[in-house]
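The block underneath contains the structure these notes are about, expressed in structure tokens.
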Amino acid sequence: MKPIAQYFVLIFILSYCSNSYGKRGGTTIVKDTATWEMVYIYKTFDPNKNDSKADFEILTVGSNYHYYGSYGQFQVDSLALFANEWLNNLTKEQYRNLLRELENDPIHTLINRKEGKLEYFGKIFINYYRYEEPIPHFEWTLEDETMEVMGYECRKATTKWRGREWTAWYSDIPLGAGPWKFNGLPGLILRLEDSKSEHFFEAVKSMNVKFPLGYKTNLYSKTNRKKYNEELKDYKRNAGKFFFDSGMVTVSDPQREKNLKRTGLFHNPIELE
């Protein structure tokens, strides 16, 4: 495919997800204006599957709010803020065809620094969930060791948090934030890794921007962090059972159905507690 064609295909792919046919319907709530963002590469390893994955994620900064989530999902939501009329011109067939070409991850967090709370938006199987918690507090130990990341001289810090031991490398960028829910250091975290090397984040690009920052009011079920993580764990371990119980999959062989119900998915959560 020629580069220009790839560009338009990508625009369509990112756009149709906000179409009225898609699952991410609803009104967009603008909370802030984004002025700056940092892109991270996130690598994770699942020892149970002996498999690894990598994705790009983004930290977006406004005056009072921080957004963190999938880079692709962020692009989808950003387009939805100002292109809903155009997006609605897509047909159902266009939507279905393009959906096959994009794996859309709706998981993201919205941190309200003014009120000291974090809103988490997630999905389990076909259901959307949302929970709130206070912005997590980290007991960091600051060390003198340094490392260069993205041209910045970064200092080392360590902490134990929710079942894992972490090493962070923070810069002199005056922002006490970082990937996922991590925060509280004297500067922006540019590199982060747990002691088992199962989760790794590293900043790869920063951008000055200006656009509306917010979220879509999907039909989220309200829950709490503990319940959400328990249900997600159950789904990842028994994905086949969820499919069969939903009626979306049927087979005539009882033994095959029994085996398929035990089908598990890649899963190694950042939070173990």
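From the list F201, F121, which residue is crowded, with 18+ Cβ neighbours inside 10 Å, within 19 Å of the chain's Cα centre (by Cα) and at pLDDT below 95?
F121
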task: Can you work out which of the residues in segment 108-118 that are surrounded by fewer than 17 Cβ atoms within 10 Å (Cβ to Cβ) and touching a residue at least 12 places away in the same chain (Cβ under 8 Å) is farthest from A239 (Cα to Cα)?
output: K114
Any chance G178 is within 21 Å of the chain's Cα centre (by Cα) and within 19 Å of D55 (Cβ to Cβ): yes
task: Spot the failing condition for E133; the list is (1) of a type in the set (D, E, K, R); (2) modelled with pLDDT under 90; (3) touching a helix residue (DSSP H, G or I) at 6+ places or on another chain (Cβ under 9 Å), and only one is missed.
output: (2)
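Of these, S221, S246, which one is touching a strand residue (DSSP E or B) at 6+ places or on another chain (Cβ under 8 Å) and outside the structural domain of W169 (by TED's automatic domain parsing)?
None of the others qualify; the one that does is S221.
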Matching residues, segment 44-65, being among the hydroxyl-bearing types (S, T, Y) and outside any loop (DSSP other than H, G, I, E, B): T44, S52, T60, Y65
query: Can you name every residue in segment 216-235 that is crowded, with 18+ Cβ neighbours inside 10 Å and either without any contact (Cβ under 8 Å) to a residue 24 or more places away in the chain or basic (K, R) (or both)?
result: K216
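The values are calculated or read from the model by the stated rules, or taken from the named source; none is laboratory data. Everything quoted here is computed from the prediction, not taken from an experiment. Here the Cβ is made from the backbone with ideal geometry for all residues, glycine too, and neighbour counts use every protein chain on show.
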